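In what follows, a structure is listed as structure tokens, so that the remarks can point back to it.
The values are calculated or read from the model by the stated rules, or taken from the named source; none is laboratory data. As the structure is a prediction and not an experimental result, all values here were calculated from the model. All Cβ positions, even for glycine, are placed from backbone atoms using ideal geometry, and neighbour counts span all protein chains on display.
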Amino acid sequence: MYKASGPTTKAVLLAAGFMITSAVLIICLGGASVLAQNAATQPATKTPASTRPAATQPAHANTRVYQIEGMYCQMCAGKIQQSLSALPGVKSAKVSFDEKKACVTVASQDAPSDARIQSVVEEAGYKAAPAMR
């Protein structure tokens with residue numbers, strides 16, 4: 001039987017470890033390098049207001065939009081969304097990593113104040129400010 005040892009085996013294991021690490025980073029970063037490359041090679045287009053995601057177009061008066069600072073990945077957006085959704089008086093919360101915005105729909109009664117929503121985002125480790133509409 002062949003015994004796997006020596007410099008060749010170490011090189012193969014090192015290469016395999018590098019490939020696995022690279023794959024994990026690509027998944028965690030959401031293919032950021034591919035997106036950056038596509039953005040650099042394709043002309044910029046402006047999205048019409050009617051096709052923008054709901055995070056920039058509140059559905060009704062009980063929806064508030066906040067600009068979020070400090071997010072680095074989709075997991076950051078998920079953490080903020082979970083924190084906001086757990087806040088009493090919040091019907092729903094949607095956080096867009098791409099737009100760096102949070103769209104929070106509040107109950108007509110017992111709605112949290114803007115300051116309370118901002119403090120929940122800050123407790124999660126980020127900054128929030130009411131977005132200009």
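Do you know which residues across the stretch 100-118 are closer than 23 Å to residue 73 by Cβ and either of a type in the set (Ser, Thr, Tyr) or in a loop (DSSP other than H, G, I, E, B) (or both)?
The first filter runs over the stretch 100-118 and keeps only residues closer than 23 Å to residue 73 by Cβ, leaving 100-104, 117-118.
Once the filter is applied, which keeps residues that are closer than 23 Å to residue 73 by Cβ and either of a type in the set (Ser, Thr, Tyr) or in a loop (DSSP other than H, G, I, E, B) (or both), the stretch 100-118 yields only 100.
Quick check on my filter: what residues within the stretch 119-133 are surrounded by 12 or more Cβ atoms within 10 Å (Cβ to Cβ) and not in a strand (DSSP E or B)? Walk me through how you get there before you give the answer.
Initial filter on the stretch 119-133 (surrounded by 12 or more Cβ atoms within 10 Å (Cβ to Cβ)): 119-122, 124-131.
Answer for the stretch 119-133, where residues must be surrounded by 12 or more Cβ atoms within 10 Å (Cβ to Cβ) and not in a strand (DSSP E or B): 119, 120, 121, 122, 124, 125, 126, 131.
All but one of (1) of a type outside the set (Phe, Trp, Tyr); (2) at pLDDT 95 or above; (3) exposed (fewer than 12 other Cβ atoms within 10 Å of the Cβ) hold for residue 65; which doesn't?
If we test residue 65 against (1) of a type outside the set (Phe, Trp, Tyr); (2) at pLDDT 95 or above; (3) exposed (fewer than 12 other Cβ atoms within 10 Å of the Cβ), just (3) comes out false.
Got at least one residue in the stretch 76-86 being at pLDDT 90 or above and part of a strand (DSSP E or B)?
No, the stretch 76-86 contains no residue that is at pLDDT 90 or above and part of a strand (DSSP E or B).
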